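Enquirer: Here it is, the structure in full.
Every number here is computed from the coordinates shown, using simple stated rules; none is lab data. Predicted, not measured: the structure shown is a model, and the values here were computed from it. Backbone-built Cβ (ideal geometry, glycine too); neighbour counts: all protein chains shown.
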Amino acid sequence: MPRSRDRRGSYREASPPGEQRCPRCRDETFLRPDEIGETPVARCSRCDGVWVSRETFRRVREDIERQSEIATLLGPGEPFTEASVVYLRCPKCDGSMARTNFGRRSGVIVDSCPSHGLWFDCGELAAALEFTIRTAAEPALPERAPVATARASRPDRPVPHDAPDDSLRLLPSALEVIAELLHWW
């Protein structure tokens, strides 16, 4: 079997052609092709983690019905917790994967290879999709009320003609702030 070097320069057995090692288990456990609904994934039979290609995940993110279907089939997800930070290796290229908080605020830490795909530990895919569904259902932030022009709100204050934005004209000058502070002192 071919051997490859890891980052430390040590040799290790490479995955057989067409086979992918589980990024979490890394021993002799290989990912097996699977489907969640009609979505193709690769799954580890030992740790129950799921590998999703970038293209497949992009299609899932664009289809809210597909997200709901997958989340329902997987059941409620509890994010995987680990005792210490471990950077996993991509099952395709064996490169180190980046750790990212899914959606920047979900609390689900996803391991991703910029070229090949995403690794979801057991429960993380369901938790990430539940987060996506929940945030898609949140109401949009209300639009701000229009800002009054400086002349309408402060007719006694001169307005420079070259001010780029009306909102800047409403800000008090530094001298006005200092005078107000001294007045209260």
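Enquirer: Please identify which residues in segment 57-77 have an amide N closer than 15 Å to a label point set 7 Å out from the Cα of Glu38, following the Cα→Cβ vector.
Expert: Residues 59-70 fall inside that zone.
Enquirer: When the dipole is taken about the Cα centre of segment 3-137, and only Lys, Arg (+1) and Asp, Glu (-1) are charged at their Cβ, what size is it in debye, to the nearest 20?
Expert: For segment 3-137, the charge dipole is close to 700 debye.
Enquirer: Another question about this same structure. Looking at Met97, Val50, Ala127, which one has the Cα that reaches farthest to the positive end of the dipole of segment 3-137 (charges on Cβ: Lys, Arg +1; Asp, Glu -1)?
Expert: So the residue we want is Met97.
Enquirer: Under the rule of at least 5 residues apart or a separate chain, name every residue whose amide H is placed under 5 Å from the amide H of Cys47.
Expert: Those lying under 5 Å, H to H, from Cys47: there are none.
Enquirer: Karplus couplings for segment 36-51 from phi (6.51 cos²θ - 1.76 cosθ + 1.60, θ = phi - 60°), rounded to Hz, Gly and Pro as x?
Expert: 10, x, 10, 9, x, 9, 10, 10, 8, 6, 8, 9, 6, x, 10, 9
Enquirer: I want to check the label-to-label distance for Thr81 and Arg26. Put each point 7 Å from Cα in the C-beta direction and report it in nm to one decimal.
Expert: Label at Thr81, label at Arg26, 2.3 nm between them.
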